[in-house]
């Protein structure tokens, strides 16, 4: 983000492709190297944006702390959350029109931060389901509930004051 809190266009950033065949520990070493080279310890604010993988939430905040970063705000990646909403819609509705209508409404509620309302709607729909459909719906409700409880769905990123 720039100094006004606006997203920097991808074309204005140096893109780095890196990877490993190792486990998350090997990835963390590569990430640490890149963060240090970027001067992460000088950051006034850090946003940790990720999917729901527990290893990310368990290992990245301690890495950032070790690098003298401010405590990161945490946010689930919108794309991954909408994938879970789509999986829920696929299990909840057999008709395409119903599925698309519900998904679009759910996505709007997500964007507006109306997570409690969305979870209530999902819970009510689950009451009508049985078997595998109900299991899929429960799994998606659990994903969103966990993100909501950990405040990873309603983070407001604030522009730091100019010094």
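The values are calculated or read from the model by the stated rules, or taken from the named source; none is laboratory data. Computed from a prediction, not measured in an experiment: that's the story for all the values here. Please note: Cβ atoms are built from the backbone with ideal geometry, for glycine as well, and neighbour counts cover all protein chains shown.
Among the residues of this structure, residue 106 does not count as one that is over 19 Å from the mean Cα position of the chain (by Cα), in contact (Cβ under 8 Å) with a residue 12 or more places away in the chain and in the same structural domain as residue 130 (by TED's automatic domain parsing). Checking 101, 71, 82, 123 one by one, the residue that is more than 29 Å from residue 29 (Cβ to Cβ) and either within 19 Å of the chain's Cα centre (by Cα) or at pLDDT below 95 (or both) is 82 and no other.
Within segment 54-69, does at least one residue satisfy the condition of being in contact (Cβ under 8 Å) with a residue 40 or more places away in the chain, at negative phi and touching a strand residue (DSSP E or B) at 6+ places or on another chain (Cβ under 9 Å)? Yes, the conditions are met somewhere in segment 54-69.
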